[in-house]
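Take a look at the structure below.
The values are calculated or read from the model by the stated rules, or taken from the named source; none is laboratory data. These numbers were taken from a predicted model, which means no experiment stands behind them. No Cβ is skipped: glycine too gets one built from the backbone with ideal geometry, and neighbour counts run over all protein chains shown. To get the accessible areas, we keep the full protein, side chains included, count just its heavy atoms, and leave off ligands, DNA and RNA. Shrake-Rupley method; radii C 1.70, N 1.55, O 1.52, S 1.80 Å.
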Amino acid sequence: MGIKVNDIAYVRFEAPDLDVMERFLADFGMVVAQRIASTLYMRGTDDDGYVHVTHQGDEARFVGLAFAADTSADLDVLAKSNEFSGVGDLDGPGGGAVVRSTDPNGFVVEVVADRESLDPLAPLSAPPGPMRNDARGRPRIGGPVRLEGGPAHVVRLGHCVLDVVDFRASEAWYKAHFGLVTSDEVELHQDRSLGAFLRCDQGERYVDHHTLFLVGIGKARFNHAAFEVTNFDDLMSGHTHLLATSHTHQWGVGRHILGSQIYDYWLDPHGHMVEHWTDGDLFNNQSPPAVATLDALLGSHWGPTSGGPPS
């Protein structure tokens, strides 16, 4: 039995030093939602409860990811399968309900609903972007652009990329349980595909080009998590701030071909890759699946031309 999830919710990690992780994530543009002795919950401006969780652990590692369901009735559907746990209470601020499973690669996968039911969080806000003048139109008149420095403003978690042992087995598992559909499949040659960009199926409603990207490299590992920021100026302000605070830049700034996002990749203190992005494609059920090349995956419209991480 499966359902149709409506978005990605958060990612979970373990790390030996929560102070170090908190400092990085604050510089990256998140806000502390809650911190207890053994767990750090970080939020964006528009998420339900949190988008990033770090548990105290002896070693730094990726634990898993969570999707959002429409209602707790969807969780009941999954709980009837012997692959999922029963419905339980979701930890952390915002509360809610959760079921858990383990995907074919050993990653913990959670599905949540009814978040914010236990401890509603005060809304945050991100600054509006300035009106832009260009050769086709000049709506900003009579005043200059003035931007505040500092971190970018993470709005929400947009997608996660997982390297997997067997792409087809993983693809089948995620599609069967969560109703994901293909936006772009990356073909190596006619009889083999490297992976696929999968999005939520919300019918006529437009959603992100991808919520999950599965990359079949023959082994399982976390690739990266991507967080939407307010706009291009916000992304570039965040880039400047992260450089000034001596964090490790990985790749960017550029614009992807597949998904079209403007991107900027960084490493957290434990080597996990995280991305700032803005201005991505939106697809619905009128957008057919496409086949793309490896060059399109690794290339950019502008910025780095090759050799970077997938989008």
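One line per residue, one yes/no per condition, for (1) out of contact with any strand residue (DSSP E or B) (no Cβ under 6 Å at 6 or more places or on another chain); (2) in contact (Cβ under 8 Å) with a residue 40 or more places away in the chain; (3) assigned to a loop (DSSP other than H, G, I, E, B):
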position	(1), (2), (3)
Thr54	no, yes, no
Asp70	yes, yes, yes
Asp76	yes, no, no
Gly92	no, yes, yes
Val112	no, yes, no
Glu116	yes, yes, yes
Arg140	yes, no, yes
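Would it be correct to say that Asp163 is in contact with a Lys or Arg (Cβ under 6 Å, 6 or more places away or on another chain), under 30 Å from Asp234 (Cβ atoms) and modelled with pLDDT of 95 or more? Yes, satisfied. Within the range 152-181, the set of residues being under 17 Å from the mean Cα position of the chain (by Cα), open to solvent by 20 Å² or more (accessible area, probe 1.4 Å) and closer than 12 Å to Leu212 by Cα comprises Val181 only. Scanning the range 248-279 for residues that are closer than 19 Å to Thr211 by Cβ, in contact with an Asp or Glu (Cβ under 9 Å, 6 or more places away or on another chain) and either small (Gly, Ala, Ser) or open to solvent by less than 30 Å² (accessible area, probe 1.4 Å) (or both) yields a total of 12. Only one entry of Arg205, Arg255 meets the criterion of being of a type in the set (D, E, K, R), modelled with pLDDT of 95 or more and either farther than 21 Å from Ser300 by Cβ or in contact with a Pro (Cβ under 8 Å, 6 or more places away or on another chain) (or both), and that entry is Arg205. Taking the numbered list (1) at pLDDT 95 or above; (2) farther than 20 Å from Ala15 by Cα in turn, Phe62 passes all entries but (2). When the range 227-247 is filtered for residues that are surrounded by fewer than 23 Cβ atoms within 10 Å (Cβ to Cβ) and not polar (S, T, N, Q), the ones remaining, listed by number, are Phe232, Asp233, Met236, His239, His241, Leu242, Leu243, Ala244, His247.
One residue stands out among those in the range 245-278 that are in contact with a Phe, Trp or Tyr (Cβ under 7 Å, 6 or more places away or on another chain) and among the charged types (D, E, K, R): the one that is farthest from Asp27 (Cα to Cα), which is Arg255. Of the strands (runs of 3 or more DSSP E) lying entirely inside the range 254-293, the ones with 1 or more residues being small (Gly, Ala, Ser) are found at 290-293. Please go through the range 148-199 and give me each residue that is hydroxyl-bearing (Ser, Thr, Tyr) and assigned to a helix (DSSP H, G or I), ordered by number. Within the range 148-199, Ser170, Tyr174 qualify.
Residues considered: His210, His224. Of these, the only one that is assigned to a loop (DSSP other than H, G, I, E, B), at pLDDT 95 or above and open to solvent by less than 20 Å² (accessible area, probe 1.4 Å) is His210.
Among the residues making up the range 29-52, none is within 16 Å of the chain's Cα centre (by Cα) and free of Cβ contacts under 8 Å to residues at least 12 places away in the same chain.
If the condition is being out of contact with any strand residue (DSSP E or B) (no Cβ under 6 Å at 6 or more places or on another chain), modelled with pLDDT under 95 and open to solvent by less than 20 Å² (accessible area, probe 1.4 Å), then the range 1-51 contributes only Gly49.
For Gly271, the requirement of being at positive phi and at pLDDT below 95 is not met. If the condition is being touching a Lys or Arg at 6+ places or on another chain (Cβ under 8 Å) and surrounded by fewer than 18 Cβ atoms within 10 Å (Cβ to Cβ), then the range 280-296 contributes only Asn284. A count restricted to the range 1-46 and to residues that are touching a helix residue (DSSP H, G or I) at 6+ places or on another chain (Cβ under 9 Å), of a type in the set (Val, Ile, Thr), in a strand (DSSP E or B) and closer than 24 Å to Val111 by Cβ stands at 1. The lone criterion from (1) closer than 20 Å to Ser170 by Cβ; (2) of a type in the set (Asp, Glu); (3) open to solvent by less than 70 Å² (accessible area, probe 1.4 Å) left unmet by Glu116 is number (1).
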